[in-house]
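The values are calculated or read from the model by the stated rules, or taken from the named source; none is laboratory data. Everything quoted here is computed from the prediction, not taken from an experiment. Cβ: placed from backbone, ideal geometry, glycine included. Neighbour counts: every protein chain shown. Remember, those area values only see protein heavy atoms, side chains included, never the ligands or the DNA or RNA. Shrake-Rupley method; radii C 1.70, N 1.55, O 1.52, S 1.80 Å.
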Amino acid sequence: TNSAYRKEALVSVGGFTPGGNCIELSWRLVSNGKVLVFDPDLKVYHKLPWSIKGVVREQFRWGVQMAGLQIRHKVFRARNVLFKGYFLVRSLLSIFNLKNFTKNMLRFIQLLAFLLGYIFGMRIIDYL
């Protein structure tokens with residue numbers, strides 16, 4: 001996510017949690033009555049992975065983080081796995097569109113890595 005926070009707001013909810021991310025922090029801010037604002041004029045630059053291995057690592061890590069976030073905030077899990085699985089299958093079917101094969105294959109790999117990380121995260125957290 002692309003976000004900036006006022007120091008007072010961060011301090012009021014205890015800042016970032018270990019293993020947390022901007023999404024989790026935003027959920028806690030809203031739960032504590034803070035208002036989030038979107039500014040389309042802001043520009044953000046990202047450092048993105050340049051290899052398939054880097055993309056897979058990033059997406060897997062995000063999947064594990066999302067699992068932890070949803071467990072911490074008691075979000076229904078089975079529906080989320082089915083929802084992510086739907087997009088994975090849809091992405092797999094789009095690979096057969098040879099016009100955008102490379103783009104569709106990369107999207108499939110990203111979704112697969114995220115879903116595997118999500119499932120792994122659910123299993124790890126269940127044992128903790």
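Some notes on this structure:
- In the context of the full set of protein chains, the chain has a per residue accessible area of 76 Å² (1.4 Å probe).
- Site pair N32 and V44 shows an inter-label distance of 2.0 nm when each label is modelled 7 Å from Cα along Cα→Cβ.
- Mean projected area (nm²) of the alpha-carbon convex hull when the chain is viewed from all directions: 9.9
- Summary: within the chain, the longest segment free of chymotrypsin sites (Phe, Trp or Tyr not before Pro) located in DSSP loops with at most 11 other C-beta atoms within 10 Å is 1-37.
- Charge context of G14, other residues only, Cβ under 15 angstrom, K/R +1, D/E -1: +3
- Cα-based helix-to-principal-axis angle, 52-72 vs the chain, degrees rounded to 10: 50
- Per residue, the chain reaches -21500 deg cm²/dmol at 222 nm when only DSSP H runs of four or more residues are counted, each adding -39500 (n - 2.57).
- Of V37, A4, N21, farthest towards positive along the dipole that unit charges on Lys, Arg, Asp, Glu beta carbons give the chain: N21
- The chain, accessible surface, carbon-and-sulfur percent (1.4 angstrom probe): 65
- For K99, the lysines whose Cα comes closer than 26 Å to its Cα, not counting residues fewer than 8 places off in the same chain, are K53, K84.
- For region 21-64, diffusion coefficient by Stokes-Einstein and Kirkwood Rh (Cα), 10 °C, 1.306 mPa s, µm²/s: 121
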